[in-house]
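Every number in this text was worked out from the coordinates using simple rules, so none of it is lab data. Just so it is clear, the model here is predicted, and its values are computed rather than measured. No Cβ is skipped: glycine too gets one built from the backbone with ideal geometry, and neighbour counts run over all protein chains shown.
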Amino acid sequence: MQQICANVMEYCQSLMLQSSPTFQNAVCLFTPSLSETINRDGPRQDTQVPVVPYWRLPGLGIIVYLLKQSASDFFSYYDSHRRSLNKLQNVEQLPPDEIKELCQSVMPAGVDKISTAQKCVLARRRLVKLINNRAKLLSLCSFIIETCLFLLWRHLEYYLLHCTPTDSQDSLFASRTLFKSRRLQDSFSSEPNLDFRSGLAVVSQHDIDQLQSDAINAFGESLQKKLLDIEGLYSKVRSRYSFIQALVRRIRGLLRISRS
């Protein structure tokens with residue numbers, strides 16, 4: 001699942017990066033709505049994220065929800081990864097039942113017939129596999145978090161700084177709210193009925209005010225601390241260290257700006 005999410009987020013990011021650098025011609029992939037994450041806040045739910053009809057673009061709430069979920073998943077995988085590393089370093093001191101359980105994942109039958117030394121070899125093999133699996137999941141979660149933050153920042157920057165609402169009195173610039181998604185539309189030319197502008201053509205001042213209010217609550221201090229902790233735990237050893245911190249700082253700055 002994490003691999004699928006990472007692939008989708010990477011594609012969304014590439015569309016944003018390929019679009020025009022000017023906000024008048026920027027591609028916006030998500031509407032200024034956080035309803036998806038607001039409706040799902042609280043304890044983790046096992047139900048699927050609501051399916052968005054193809055004729056209506058999803059809201060930014062999906063990005064925020066995925067950001068929160070990936071942060072929670074990261075700490076779960078990190079704890080599991082750390083426990084497995086500790087066990088690998090002290091396989092001989094593990095309880096016999098735990099060694100047997102690890103061995104049975106590699107050798108379903110006949111574990112009781114092999115020597116203790118052979119059991120330790122099989123237990124190490126299983127732990128190495130678990131460690132590698134968790135390392136892959138940690139990498140995917142980190143990538144999803146970084147990409148979600150980038151998409152959230154770019155969309156918030158457009159909506160909160162550059163979008164002129166359709167109900168603005170300045171009618172000369174009202175057309176700027178028609179998002180210039182021709183490049184995105186051209187990439188889906190095989191789907192003539194798929195119009196990415198249909199869900200984005202009308203953005204009112206209320207929509208923007210509501211987005212800012214909801215984003216302040218959704219992107220609170222607790223989530224920001226989690227993201228910075230993740231960077232400290234994991235991203236420090238990578239070349240993109242401080243990338244999460246920079247995006248968090250930019251998003252926080254956008255949410256503090258008053259449009260009045």
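Sorted from fewest to most neighbouring beta carbons within 10 Å, what does the list His81, His155 look like?
His81, His155
Phi angles of the range 142-147 translate, via the Karplus equation with coefficients 6.51, -1.76, 1.60 and θ = phi - 60°, into HN-Hα couplings of 4, 5, 4, 4, 4, 5 Hz per residue; Gly and Pro are given as x. Taking amide H as placed 1.01 Å from N in the peptide plane, Thr31 has its amide H under 5 Å from the amide H of Gly59, Leu60, each at least 5 places away in sequence or on another chain.
If the limit is 25 Å between Cα atoms, which of Lys68/Lys129; Lys87/Lys119; Lys136/Lys225; Lys129/Lys226; Lys87/Lys136; Lys113/Lys136 go over it? Exceeds cut-off: Lys68/Lys129; Lys129/Lys226; Lys113/Lys136.
Fewest to most neighbouring Cβ within 10 Å: what's the order for Cys5, Cys103?
Working: Cys5 19, Cys103 22.
Going from least to most buried by this count: Cys5, Cys103.
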